[in-house]
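The values are calculated or read from the model by the stated rules, or taken from the named source; none is laboratory data. These numbers were taken from a predicted model, which means no experiment stands behind them. Positions of Cβ are generated from backbone atoms using ideal geometry, with glycine treated the same way; all protein chains shown enter the neighbour counts.
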Amino acid sequence: MTLHDVDLAVEFCGLQLKNPVMPASGCFSFGKEMEMFYDLNLLGAIVVKATTLEERMGNPTPRIAETPAGMLNSIGLQNPGVEKVIRDELPYLRRFSSLPVIVNVAGTMVEDYVAVVHRLNDSQDFDAIELNISCPNVKCGGIQFGTDPEMAAEMVKAIKEASNRPVMVKLSPNVTNIVEMAQACEAAGADAISLINTLIGMQIDVEKRAPLLGNGVGGLSGPAVKPVALRMVYEVASNVNVPVIGIGGIFTGKDAIEFLMAGAKAVQVGTANFTDPYAIPRIVDEIKEWCAAHGVKHIDELIGAANPMSRRRG
């Protein structure tokens, strides 16, 4: 079998993706910086940086710390606000005609999220919403919705009522029961689940005898979190009927294939973009090469292959 015989296309929440690989929100900004490296049409889709109602300056510096097999970040959802995103960022991405655009939406209260979605509804330059209820780097909002099933369900219901696009919900790993969270979101109307966001971590500056990050704590990502993420994707894909996106420590095509076999229908690549700006097209190529070498004609053959309980849907 040759590479030309392999079809990586997937349908996700009614969106047609040429392959199942997309950047994770916050690790690709709004795409402009990465265009100097390759054609963004090579992406399966793009998930843009978290968008809030008003402009956010983010957390105090330092915001990034390298850790063994990963990194800590405490950016704090810095972004220009929804009005500038609609005016300056989304129309730029529509130049890439075959690129589905997903907007990550964040806030502090339910009303904030709803206001962002209402404003986005008027734009024709995006295709779906990723509801960020799991950011560990803001002092209010974010993760409080992502750790309580009832609050999560309330948020999802409000966003589904407000939105005229598909809504996927990004879950936090910082919970006791990830399946309970996913099922609460599904019951409230979520069209898909993406997981995981970062794990809460810390690093100490031993010379200053103080936390290294300006915010004290940050989100741990990278290869160190992959086993945790893979396990959670496997569990959620076994217990929901909506499609799942796998996120967490994906650096190679083999990593991505593990998440697909666990039941994810697509994957997001985050930290790898910081160490290799060509990470996503390389991962796409590696998936295709693996499929060709193993006689896999269509990517659907891999989805849930290692998880007989997987109940994923399109």
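Each row is one residue, and each column tells you yes or no for (1) closer than 19 Å to Leu53 by Cβ; (2) out of contact with any helix residue (DSSP H, G or I) (no Cβ under 6 Å at 6 or more places or on another chain); (3) of a type outside the set (Ser, Thr, Tyr).
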{"site": "Thr147", "(1), (2), (3)": "no, yes, no"}
{"site": "Ala190", "(1), (2), (3)": "no, no, yes"}
{"site": "Ile193", "(1), (2), (3)": "no, no, yes"}
{"site": "Val225", "(1), (2), (3)": "no, yes, yes"}
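Against the test of being surrounded by 18 or more Cβ atoms within 10 Å (Cβ to Cβ), closer than 23 Å to His4 by Cβ, in contact with a Gly (Cβ under 6 Å, 6 or more places away or on another chain) and modelled with pLDDT of 95 or more, the options Ile287, Ile299, Ile257 yield a single qualifying residue, Ile287.
On the given criteria, is Glu111 assigned to a helix (DSSP H, G or I), touching a residue at least 24 places away in the same chain (Cβ under 8 Å) and not aromatic (Phe, Trp, Tyr)? Before the answer, list the steps.
Values: assigned to a helix (DSSP H, G or I): yes; touching a residue at least 24 places away in the same chain (Cβ under 8 Å): no; not aromatic (Phe, Trp, Tyr): yes.
Here the answer is no, as Glu111 does not meet what is asked.
Of all the residues in region 194-238, those that are of a type in the set (Asp, Glu) and under 26 Å from Lys254 (Cα atoms) number 1. With respect to the stated conditions, Val82 fails to be hydrophobic (A, V, I, L, M, F, W, C) and under 18 Å from the mean Cα position of the chain (by Cα).
Which residue out of Leu120, Leu53, Leu43, Leu72 is aliphatic (A, V, I, L, M), in contact with a strand residue (DSSP E or B) (Cβ under 9 Å, 6 or more places away or on another chain) and farther than 20 Å from Ala272 by Cβ? Result: Leu120 is the single residue among Leu120, Leu53, Leu43, Leu72 that is aliphatic (A, V, I, L, M), in contact with a strand residue (DSSP E or B) (Cβ under 9 Å, 6 or more places away or on another chain) and farther than 20 Å from Ala272 by Cβ.
For the residues Asn174, Asn104, Asn121, Asn137, the requirement of being within 30 Å of Leu213 (Cα to Cα), in contact with a helix residue (DSSP H, G or I) (Cβ under 9 Å, 6 or more places away or on another chain) and modelled with pLDDT of 90 or more singles out Asn174.
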